[in-house]
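To start, the structure under review is shown below, and the notes come after it.
The values are calculated or read from the model by the stated rules, or taken from the named source; none is laboratory data. Small disclaimer: the values here were computed from a predicted structure and weren't measured. Cβ sites come from the backbone with ideal geometry, for glycine too, and all protein chains shown count toward neighbours. Heavy atoms of the whole protein, side chains included, go into the accessibility calculation; ligands, DNA and RNA do not. Shrake-Rupley method; radii C 1.70, N 1.55, O 1.52, S 1.80 Å.
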Amino acid sequence: MKRAFAIEAIVFSKYIRQMLLSAVFVASCLAVGTGSIIGAPMTVFMMLTFGMVASSAAYDEQNGWATYRLAMPMSRRDVVIGRYAFILAASLAISGLFAVAGLGLSALGQVVTLPEILDTVLLKNGDDLMAYAATSAVGVCTGLLLASFCLPMFFKLGQTKATHWLPFAMVLVTMSPFFVMQGLGEDTLASIMQLLNYVQTPAGIGVMTSACLGVSVVVYVASVCVAIRFYEKREL
Amino acid sequence: MAAGSALIEAHGLTKHYDGFTLNNVTFSVQAGQVVGFVGQNGAGKSTIIKALLGIIELDAGEARILDAPSAKLAHDARAAAVKEQIGVVFDTVSLPGQLKVGEVGEIMARAYRSWDAQVFEGHLETFGLDAGKTAKALSRGMGMKLGLACALSHHPRVLILDEATAGLDPLARDEVLDMLREFVAAEDERGNPQNAILMSSHITSDLDKIADQIICIDRGEMVFALAKDEITDMMGIARCRAAEVEDVVQSGALVGAQPRMLRHDYGIDLLVPNRFVFAQMYPNIPCDHMTIDDYMAFMLKGSTGLEGANQPDRPQSAISKGDDR
């Protein structure tokens, strides 16, 4: 598995560098647009998982790379686990960097006067910190759920005309609750509002964060098992 | 593995696809041997290579490399370790295009415990490959050189080459063939050969220079498996006139073998198993030496009858081993 992980790191190195620049740009625009850096780590994590899931399938199809890789001393199982591990590690590492940078700048802002445009978006208090943690957890959950659905399909089918649109379809599915909510009854909406109010409490944030991380890890691990079964049977 | 044992074994390889079937292919590659695969495009050579590496699953038959079942090579971690000793070159530069040559070396170093960076650097220099160039910027020939550099730099025992010399200029091909000869000539402490090569190629002149055995595949079936020297050093092409053919066939000059002939506008070419014997019996009939290409043409397009135009008669059995020529 370590070989496969290391090979993914080299194959993705240029892509990661490009994504890093994009992530800085997007996170900056988001912070200025929303007036806060709270959503930055979440956005970066989702960008990276989304991008790497789609790109990994594209790389596999390039020049018969997937076939040649299997001529190396690795099993199909190693390839799958290596990919899942790399996508998780790289996304966590980079979004973690952003999260730490945000915390660092916010702490600095408490003792030093920073430029107004920066000071406005930084974390100010405990509520901001909790929201920062909660949105990051939601981002990790969303990104991992997206990867958990798409990766097994790519390992089963490769990049085809249909699977090419899979990540985008998953993003639409992620956004769908916002459209669906308009059609919900008053009682359902009231229950949802109650839940949202609870989630904004310290206890609620803790529960939500734990649930997000727990569910996403369980689903991600289950996805690895499914992907291994698919890839073991796939004809290259 | 015992000295002189087969490094590659294939028994009854069978694989069905829509519109194509690989049918009952059997062969082996011994240590110290270079076996060349020839055949038209789509004949099944790459399918056989993928089956040997465990990349595709067979419908019947069994393959083994270095005594490990090929079926497990892609699925079992321990069997996968056998691939440390297998060097592979496919017919394209099988790498993501954005990778630089230097990064390819890093990938190989991570993939193979036995990776020798010094040997790799040496090959890059010999082949004139720039470490800063991306794989997609390499010409086909340079890409094949990179593939060969990778295959030769982790001390393999078996090389599996799928059109590995395609796209190389003649000088580079000669260099590569020298490397391959050196590779297959390597011996262990007791003086036993320890390496082997299986190579498919359309450039039969390369196989002429290096191969010990030639296996021809056509439409998924083995047509012949012969020692290369038997084809090039013994066989001949008798350039007969139509009137001479029947006499030659009935004279015994074909040493009991089934006649195979190619009809042309100017005459009939007749496959002769021993051109020296033939030349003594028929000094007035020109008899040229046989090349691998010529033998393939006889076996794939030649007929066994005197009547009518050339209508290819495929041997009834899957393999011609020289007895039913």
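Considering the zone a paramagnetic label at residue A:14 would reach in this model (a point 7 Å from Cα along the Cα-to-Cβ line), which residues of the range B:119-136 have amide N under 12 Å from it? What the label zone holds, given the 12 Å backbone N cut-off, is B:132-136. Compared with the dominant Cα axis of chain A, that is its longest principal axis, helix A:186-199 is turned about 80°. Based on alpha-carbon atoms, the Kirkwood radius and the radius of gyration of the range B:203-262 give Rg/Rh equal to 1.04. Of the GluC sites (Glu not before Pro) found in the range B:105-193, those in coil by DSSP whose Cβ has at most 12 other Cβ atoms within 10 Å are B:189. The value for the range A:86-152 of Rg(Cα) / (2.2 N^0.38 Å) is 1.36. Compactness of the range B:84-177 was expressed as the Cα radius of gyration divided by 2.2 N^0.38 Å, which yields 0.96.
Averaging 1/r across all pairs of distinct Cα atoms in the protein assembly as shown and inverting the result yields a Kirkwood radius of 27.6 Å. Counting only other chain Cβ atoms within 10 Å of each residue's Cβ, the peptide B:285-294 averages 0. The angle between the Cα long axis of helix A:76-111 and the main principal axis of chain A comes to about 20°, on a 0 to 90 degree scale.
Using the alpha-carbon positions of the range B:55-118, Rg (one decimal) and Dmax (whole number) come out as 14.1, 42 Å. Straight-line reach only, C-alpha to C-alpha below 24 angstrom: list the lysines that residue B:45 could link to, leaving out same-chain residues fewer than 8 apart. By straight Cα distance, residue B:45 reaches A:233, B:15, B:72, B:83, B:145, B:209, B:228, B:301, B:321.
Its alpha carbons give the range B:127-284 an Rg and a Dmax of 21.0, 66 Å.
Overall size of the range A:26-157 from C-alpha positions, given as principal axis extents largest first: 58, 23, 22 Å. Angle of helix A:40-61 to the longest C-alpha principal axis of chain A, folded into 0 to 90 degrees and rounded to 10: 10°. Could you name every residue in the range A:54-75 that has 40 Å² or more less accessible surface in the full protein assembly than in its own chain alone (probe 1.4 Å, ligands and nucleic acids excluded)? By number: A:63, A:65, A:67, A:68, A:70, A:71, A:72, A:73, A:75. Volume of the convex hull of chain B (Cα atoms only), normalised per residue: 157 Å³. Quick check on the range A:1-54: take the gyration tensor over C-alpha atoms, sort the square-rooted eigenvalues as a ≥ b ≥ c, and tell me if it's rounded (a/c under 1.5), prolate or oblate. Judged from the Cα gyration tensor, the range A:1-54 comes out prolate (a/c at least 1.5, a/b above b/c). Remark on residue B:32: its backbone amide H falls under 5 Å from those of B:194, B:195, B:196, a criterion applied only to residues 5 or more positions apart or on other chains, H modelled at 1.01 Å from N.
Projected onto their three principal axes, the Cα atoms of chain A cover extents of 56, 48, 28 Å, largest first.
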